[in-house]
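A short worksheet on the structure shown next.
The values are calculated or read from the model by the stated rules, or taken from the named source; none is laboratory data. All of these numbers come straight from a predicted model, not from anything done at the bench. Cβ placement follows ideal geometry from the backbone for every residue including glycine, while neighbour counts extend to all protein chains displayed. What goes into the accessible areas is simple: the full protein's heavy atoms, side chains included, and nothing from ligands, DNA or RNA. Shrake-Rupley method; radii C 1.70, N 1.55, O 1.52, S 1.80 Å.
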Amino acid sequence: MKGQQSKRREMKRREFLGAAGIGIAASAVAAPAIGQSAPEIRWRLTASWPKSLDTLYGSCETFAKYVAEATDNKFQVQSFAAGEIVPGLQVLDAVQNGTVEAGQSASYYYVGKDPTFAFDCAVPFGLNARQQNAWMYYGGGLELMRDFFKDYNIVQFPAGNTGAQMGGWFRSEIKSIDDLKGLKFRIAGIAGKVLARLGVVPQQIAGSDIYPALEKGTIDAAEWVGPYDDEKLGFYKVAKYYYYPGWWEGGPQVSIYVNAKQWDSLPKVYQAVLQEAAAASNVLMVAKYDAENMPALRRLVAQGTILKPFPRDVMEASYKAAFDLYDEIAAQNAKFKKVYEGWKQFRADEYLWFRVAENSFDNFVYAQSAKKA
């Protein structure tokens with residue numbers, strides 16, 4: 001019975017992708033476009049995720065599957081989990097140097113190289129998932145980031161989004177901003193620099209290494225994604241306080257990185273296939289997280305997880321620290337400033353629009369639903 005239901009869901013998912021024009025439409029890129037003379041190509045793609053995360057790592061497999069199907073298996077991409085070729089935080093280097101042809105990662109892992117990388121994923125108090133897509137596809141974001149990635153010999157493609165994330169797992173309760181002082185917190189990206197201003201000691205650790213660090217007390221708290229992934233990684237077993245929201249990741253995007261030389265060598269039709277496969281992965285990832293997070297959260301609470309909102313003073317102090325930091329970086333980093341100025345204006349316009357229609361709709365229907373709960 002479960003097998004039949006799974007097949008029906010897969011059929012519906014494919015029908016949706018075809019109707020929406022975001023998947024691999026056979027009429028657009030399959031035979032006769034993929035003719036007998038099309039070359040056979042084999043690529044390797046290394047990811048920043050362990051195989052246990054079937055949404056993040058699974059999106060790499062989805063991407064590879066669509067590329068193969070659209071080319072009659074002539075263009076094949078083999079996925080590798082973190083650590084199988086390179087460690088999870090070295091994906092960008094591996095693609096840049098040509099160790100592999102492609103990779104999938106969260107660009108804010110590389111802010112140590114340049115904080116501008118964060119805009120390709122998420123910055124604190126930034127864009128939600130829909131707004132990130134709007135900025136990338138229609139707001140100039142993709143052009144800005146592609147220009148930035150040229151210096152790293154990479155062409156990047158939006159290829160997934162988690163939606164707004166949770167604020168993480170804490171071994172002790174956070175009652176006020178004072179409780180952040182000296183806290184060793186696993187947190188990625190530019191958010192670590194923001195929290196450092198509030199006394200936090202940020203730690204950047206790959207996903208597969210978080211649990212032992214939290215269990216041993218090497219760190220006091222850790223954030224990852226949200227209930228569906230966090231349950232799989234078992235954080236609830238070693239930290240009972242689960243905070244929200246993850247204000248540093250309102251709509252974090254993951255990207256497919258392609259080595260620029262390898263990209264230029266592809267036939268145009270293969271380039272189109274790869275681009276469409278990334279777009280399909282982008283849609284499917286956030287849809288799966290939205291479907292799976294609430295059931296997972298119910299299970300976590302049933303097992304003793306204590307759900308808590310961040311205190312107001314923590315949120316307000318973090319907001320101020322974030323934008324003070326951006327202004328300081330922009331004054332010193334021309335690449336960051338170029339992206340930040342366009343991003344900031346787009347964010348302002350998006351916030352105005354979402355306040356008019358989206359937020360008013362959401363607030364009303366959520367309030368009505370809460371009354372009946």
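Condition test on Ala287, is it within 17 Å of Tyr57 (Cβ to Cβ), assigned to a helix (DSSP H, G or I) and within 22 Å of the chain's Cα centre (by Cα)? The answer is yes for Ala287. The residues on offer are Gly160, Gly192, and the sole one that is within 23 Å of the chain's Cα centre (by Cα) and in a strand (DSSP E or B) is Gly160.
When the residues of the stretch 237-252 are filtered to those that are open to solvent by 40 Å² or more (accessible area, probe 1.4 Å) and touching a Lys or Arg at 6+ places or on another chain (Cβ under 9 Å), the one that is farthest from Thr55 (Cα to Cα) is Lys240. Selection of first residues in the stretch 199-219 that are closer than 18 Å to Lys181 by Cα and assigned to a helix (DSSP H, G or I) and of second residues that are open to solvent by 30 Å² or more (accessible area, probe 1.4 Å) and of a type in the set (D, E, K, R), restricted to Cβ pairs under 9 Å at least 6 apart or on distinct chains, gives the following pairs, ordered by first then second residue: Leu214/Arg171; Leu214/Asp220.
Of the residues examined, Gln96 is not one that is among the polar types (S, T, N, Q), within 25 Å of Gln204 (Cβ to Cβ) and open to solvent by less than 10 Å² (accessible area, probe 1.4 Å). Of all residues in the stretch 351-372, none are open to solvent by 70 Å² or more (accessible area, probe 1.4 Å) and touching a residue at least 40 places away in the same chain (Cβ under 8 Å). Among residues of the stretch 291-312 that are open to solvent by less than 30 Å² (accessible area, probe 1.4 Å), those with a Cβ under 9 angstrom from a residue that is among the aliphatic types (A, V, I, L, M) and in a strand (DSSP E or B), sequence gap 6+ or separate chain, pair up as Leu297/Leu307; Leu300/Leu307.
If a residue must be of a type in the set (A, V, I, L, M) and assigned to a loop (DSSP other than H, G, I, E, B), how many such residues does the stretch 220-232 contain? Quick ask: steps written out before the conclusion?
Step one: list which residues in the stretch 220-232 are of a type in the set (A, V, I, L, M), which gives 221-222, 225.
Add one more test, that the residue is assigned to a loop (DSSP other than H, G, I, E, B), and what stays is 225.
Matching residues across the stretch 220-232 total 1.
Summed over the stretch 123-133, the residues that are open to solvent by less than 30 Å² (accessible area, probe 1.4 Å) and assigned to a helix (DSSP H, G or I) give a count of 3. Pairs linking a residue in the stretch 259-278 that is under 12 Å from Ala38 (Cβ atoms) to a residue that is open to solvent by 60 Å² or more (accessible area, probe 1.4 Å), with Cβ atoms under 8 Å and 6 or more positions apart or on different chains, do not occur.
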